[in-house]
Amino acid sequence: MKVIIADSISSAAVKGLKELGIEVVEKTSIEKDELMNEIANYDGIIVRSRTKVRKDVIDRAGGNLKFIVRAGVGLDNIDVDYANEKGIDVMNTPEASTNGVAELAVGHMLALLRHIPRGTSSMKSGEWIKKELVGRELGGKTVGIIGMGRIGKRTAELVSAFGTRVLGYDPYVEKVEGIDVEITDLDGLLTQSDIISLHIPHTDETHHIIGKEELKKMKDSAYLINCARGGIIDEAELYDALKNGVIAGAAMDVFEEEPPRDSKLMELDNFISTPHIGAQAVEAKNRVGEEVVKKVASKL
């Protein structure tokens with residue numbers, strides 16, 4: 001068996017794959033044209049979020065590709081239905097990065113509430129702006145979570161430890177077991193929450209689920225967090241809302257275009273960001289790698 005690793009995974013995972021007797025080719029910066037030319041040489045491909053395995057790539061595999069492994073949660077960078085039609089198994093590692101992403105979402109909440117990024121940058125510039133950085137506590141706030149899957153539930157668990165009230169919206173979930181979450185509709189969540197955190201995939205249904213009208217329903221003191229997928233927030237409308245005081249602040253780890261080019265959001269003091277690092281924790285990467293090896297081993 002010959003497998004190409006198109007996006008980086010842990011060195012332990014690479015070692016584990018080789019120990020299975022698999023021929024492993026690491027090309028973690030491969031671009032689409034090169035992948036199109038080479039994909040027919042492989043039985044399997046391992047990707048994260050960067051590499052897209054769409055219909056055109058699958059067709060170029062010429063029937064040789066047997067499986068695609070997404071080292072991570074979502075599958076929106078893979079044409080799953082088409083792959084399945086072609087007899088290609090598509091697998092992912094949904095549980096491995098759950099805690100890492102949830103912790104990053106909470107980290108962004110705290111960073112926004114306590115002005116941590118601005119405090120850091122101002123001090124590095126030789127400033128002491130203590131009086132300008134009066135923040136807020138997370139405890140006692142209402143946190144709304146859109147999407148009550150694994151990561152949404154873990155985020156709910158973490159923020160509950162701060163003494164928050166947690167609201168949840170998910171059209172496919174009626175009740176959350178083991179966690180004190182009040183399930184509500186989207187409008188109820190938007191109007192009541194002090195902080196809103198999104199944990200949903202990017203689909204036709206969720207594209208720009210947060211747009212101008214949704215932002216207007218939020219409190220002017222509210223914060224918006226997206227550590228899920230780009231495209232679920234209308235970034236142009238978010239910029240206007242932040243600039244005009246419709247909401248207090250926002251944090252994003254993911255963008256509709258990655259990396260974002262000439263994004264006006266970066267000009268705003270009440271916007272903070274990270275470069276899609278939700279699963280970029282040593283522990284999360286190790287768990288993802290372990291799951292990748294198990295998924296590939298199941299195909300031997």
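Descriptive notes on the structure:
- Values (1) 22; (2) 26; (3) 14 are given for comparison; percent of Cα pairs over 35 Å apart, derived from the coordinates here, is the one labelled (2).
- GNM flexibility winner over the chain from 176, 143, 246 (Cα, springs under 10 Å): 176
- Per residue, the average separation of C-alpha pairs within less than 8 Å and at least 6 apart gives segment 98-273 a relative contact order of 20 percent.
- Counting only residues at least eight positions apart within a chain, or on another chain, the aspartates and glutamates with an alpha carbon under 13 Å from that of residue 32 are 7, 56.
- GNM flexibility winner over the chain from 110, 198, 189 (Cα, springs under 10 Å): 110
- Normalised Debye scattering of segment 98-273 at q = 0.17 Å⁻¹ gives log10 I(q)/I(0) of -1.05, counting only Cα atoms as equal scatterers and leaving out solvent.
- Segment 225-242 versus segment 41-99: alpha-carbon centroid distance in Å: 27 Å
- For segment 223-263, convex hull of alpha carbons as volume per residue, Å³: 62 Å³
- Highest-first arrangement of 22-28, 64-70, 90-96, where packing means the average Cβ count within 10 Å: 64-70, 90-96, 22-28
- Rounded if a/c under 1.5, otherwise prolate or oblate - segment 141-188, Cα gyration tensor axes: oblate
- Stokes-Einstein diffusion for segment 31-170, with the hydrodynamic radius set to the Kirkwood value over Cα pairs and evaluated at 4 °C in a medium of 1.567 mPa s, equals 71 µm²/s.
- Rough spin-label spacing in nm, given labels placed 7 Å along Cα→Cβ, for residue 179 and residue 130: 3.8 nm
- GNM remark for the chain: springs join alpha carbons under 10 Å apart, and the peak mean-square fluctuation among 252, 218, 36 falls on 36.
- From its DSSP helices (H runs of at least four residues, each -39,500 (n - 2.57)), the chain gives a residue-normalised ellipticity at 222 nm of -9500 deg cm²/dmol.
No lab work stands behind these numbers, since they all come straight from the coordinates. If you're wondering where the values come from, they're calculated on a predicted model, not measured in any experiment. FYI the Cβ positions are ideal-geometry reconstructions off the backbone, even for glycines, and counts take in every protein chain you see.
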